[in-house]
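Report on the following structure.
Every read-out reported here was derived from the displayed coordinates using simple, explicitly stated rules and does not represent laboratory data. Treat the numbers as computed from the prediction; the structure is a model and nothing was measured. Note that we place each Cβ from the backbone using ideal geometry, even for glycine, and neighbour counts take in every protein chain shown.
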Amino acid sequence: MKKLIIGLLFFSFSLFIISTAYNAQLSFHLLLPSFLIILVASLPLLINNETNLFSPLPYLVYWIFLTVFMRMIYIVYDYPDKSFIQTIFLQYNEKLYLVKPLIIILISMISFIFGYFIKPSDRKIITTITYQYWNKTKIYTSGILLSVVSFFALSKFVSQNIGGILFLAASNISSYRGVSENIVDYSASGLLRILVMLAEIGFIILFSYNISAPKKDKLIYVLAFFNFLIAFFFYFFTQSRAGLLFLIIKPFVLNYLLKGQKLKIGKTVITLLASIVLFSFITSFRTGVGLESASFSIKGIQRVFDPLIANNGGFDVSKTGLIIDYIDNNEQKQIGKSFLWIITSFIPRSIWPDKPVNIDTYFGMKVYGATTYGTGAVPPGVFAELYWNFGYLGIFFGCFAFGVVLRWLSNRFLIYGSKNINSLIIYVVCFMPLGVSIFGSSISSAIIGIIYKLFPLAIILWYITEQKKIDYIQ
């Protein structure tokens with residue numbers, strides 16, 4: 001782990017030094033603080049004896065490298081072109097406009113790491129550890145049930161949006177779904193989406209069983225592949241780039257954890273390339289993002305990486321600055337009111353037609369000029385969300401508290417998780433990307449996402465598991 005992080009830091013610092021020879025001013029003002037953000041986030045990994053490449057903090061560091069440092073290089077050098085950078089990231093401000101949000105994020109990251117350094121109690125306590133064995137008959141039953149339910153939900157979802165599976169064409173195979181210019185007519189088909197995504201849970205469980213079982217089962221492979229296809233098509237159909245990316249990453253990480261944290265270079269390279277190509281390919285179906293021409297030709301191979309970096313999703317500096325400025329000029333502090341969406345999100349819009357939109361859609365419309373519901377949502381990130389509620393002190397103390405929580409979750413799942421497969425699955429599906437979700441999306445969206453995944457996953461795991469408990473002294 002230390003060698004990987006040191007290599008990442010060395011590579012980033014080398015790019016910074018090289019950049020100063022071409023543009024010293026922007027390199028010092030934009031790339032240096034971007035590098036410092038990675039460095040601060042990496043400190044616990046350099047000090048502690050962390051070995052898991054996919055615990056929440058290393059996972060967060062990888063994304064900071066891509067979405068903060070590498071994205072800032074794109075901005076400094078107007079890549080892929082000046083118009084794209086001005087429109088997507090700067091909204092026609094000067095590039096030095098990004099110094100303020102960079103400082104906010106750097107200070108917040110320092111606060112977060114202070115919280116992360118707070119160690120859990122070393123007291124010895126008697127804990128009940130559950131060793132778990134899966135009932136194979138119940139695995140078959142649950143795998144078939146999840147396949148059937150998700151398949152019919154997908155069929156219904158496709159019919160609602162394009163009239164049926166037979167009407168699929170190149171022009172409608174991948175797009176935003178449930179788009180409306182009127183909030184009363186807007187429907188995200190939330191229940192259908194939840195039911196379709198049972199296929200991903202089925203795939204993960206079936207995949208994990210065959211990974212850990214001494215003897216592979218061909219029927220399990222067939223069921224797993226069928227569930228994978230349903231989830232894959234749904235993410236592609238709804239143009240969910242992150243969903244496709246995680247559909248590839250999650251089984252890769254589970255394989256890594258279940259096989260004693262052994263990483264094979266060949267599989268790693270194939271997984272990374274497959275993820276990047278998929279991310280780029282689905283972006284080519286998006287209109288209006290400026291990256292539709294992402295090419296797979298040898299001549300333009302570098303453009304395959306553009307969609308992964310050149311977007312304002314995830315952990316983004318520019319949207320933090322733009323949204324905070326909008327709040328200063330147009331909004332009052334919410335004092336926690338924005339978190340009520342965690343509760344109201346469970347109320348169907350068919351029952352409450354005028355239900356307020358989520359925070360992502362709100363800022364997508366107010367700051368980025370989106371005009372339709374169901375598209376153009378921009379997750380504000382934890383910095384802007386905490387600022388909207390509690391100001392700068394809210395960002396500082398909120399990030400500190402999240403550091404404490406993330407460290408506790410890491411220890412909870414990666415200490416006890418090695419004792420049973422259920423904990424590892426819950427960790428990978430729900431909590432591994434928590435740092436990325438909170439910093440890049442919003443607290444509300446991250447919590448809702450965990451609830452929607454954790455509830456059905458826990459039920460299925462409870463159903464298929466036979467347990468034996470013993471007392472264990474920690």
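Here is how the numbers come out for the structure above:
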{"item": "Listed residues W388, V404, I335: farthest to the positive end of the dipole of the stretch 310-431 (Cβ charges)", "result": "V404"}
{"item": "Listed pairs K3/K95; K95/K250; K138/K215; K156/K216 exceeding 25 Å between Cα atoms", "result": "K3/K95; K95/K250; K156/K216"}
{"item": "Loop-located chymotrypsin sites (Phe, Trp or Tyr not before Pro) in the stretch 49-122 whose Cβ has at most 10 other Cβ within 10 Å (DSSP)", "result": "Y92"}
{"item": "Contour minus Cα-Cα distance for Y221 and I165 (0.36 nm per residue)", "result": "17.6 nm"}
{"item": "Ranked by how many other beta carbons lie within 10 Å on average, peptides 13-24, 354-365, 206-217 from highest", "result": "354-365, 206-217, 13-24"}
{"item": "Simple label model, 7 Å out from Cα along Cβ direction - L340 to K259, nm", "result": "5.1"}
